[in-house]
1. Within region 64-86, which residues are in contact (Cβ under 8 Å) with a residue 24 or more places away in the chain and part of a helix (DSSP H, G or I)?
2. Within region 8-26, is even one residue surrounded by fewer than 17 Cβ atoms within 10 Å (Cβ to Cβ), within 21 Å of TRP83 (Cβ to Cβ) and not acidic (Asp, Glu)?
3. Only one of these conditions is not met by THR60: (1) closer than 16 Å to PHE4 by Cβ; (2) in contact (Cβ under 8 Å) with a residue 12 or more places away in the chain. Which number is it?
4. How many residues are within 14 Å of the chain's Cα centre (by Cα) and in a helix (DSSP H, G or I) when one looks only at region 1-56?
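Every read-out reported here was derived from the displayed coordinates using simple, explicitly stated rules and does not represent laboratory data. What you see is a predicted model; the values in this text were computed from it and never measured. We place every Cβ from the backbone using ideal geometry, glycine too, and count neighbours over all the protein chains shown.
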Amino acid sequence: MERFFQPYVYLNRETIAAHGLDMAEVSRQVAEELRKFPGVAYAVSSHDLRAGRVARTPVTDAVLANFHEDRSGDIYVVFEPHWFVADFDGQSVPPAGWPARCWRPIANPKRRNRSSSNWACAG
């Protein structure tokens with residue numbers, strides 16, 4: 001992975017090519033692994049979005065509405081409600097549309113206790 005810029009994961013294309021791997025297959029496999037993470041509702045490769053290899057659901061319709069073939073990253077990640085992505089210098093950014101009182105970090109390497117319980121969202 002080269003970087004994450006919400007909602008996209010960007011893969012290191014040079015490294016993938018240097019190892020003689022197929023970009024489409026790598027991105028599909030990474031998306032599959034991301035779907036196993038707690039707090040990840042859905043992950044899909046841009047290759048599958050371009051090819052129309054996604055089931056049509058309200059979630060995938062929203063993903064497709066945000067997708068742009070020339071500008072989007074390699075994998076689109078959709079988080080469960082009440083989850084957010086923490087950056088690695090201790091700050092956090094809320095996902096669009098979620099109030100600050102409802103966040104929960106996916107990963108924060110500075111925290112020793114990585115509890116999996118969600119924070120309550122009051123009102």
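1. The one that is in contact (Cβ under 8 Å) with a residue 24 or more places away in the chain and part of a helix (DSSP H, G or I): ASN66.
2. The answer is yes; a qualifying residue exists.
3. Checking THR60 against (1) closer than 16 Å to PHE4 by Cβ; (2) in contact (Cβ under 8 Å) with a residue 12 or more places away in the chain, the one that fails is (1).
4. From region 1-56, those within 14 Å of the chain's Cα centre (by Cα) are 1-11, 27-46; that's our starting set.
Remaining after also requiring in a helix (DSSP H, G or I): 27-34, 46.
Of the residues in region 1-56, 9 are within 14 Å of the chain's Cα centre (by Cα) and in a helix (DSSP H, G or I).
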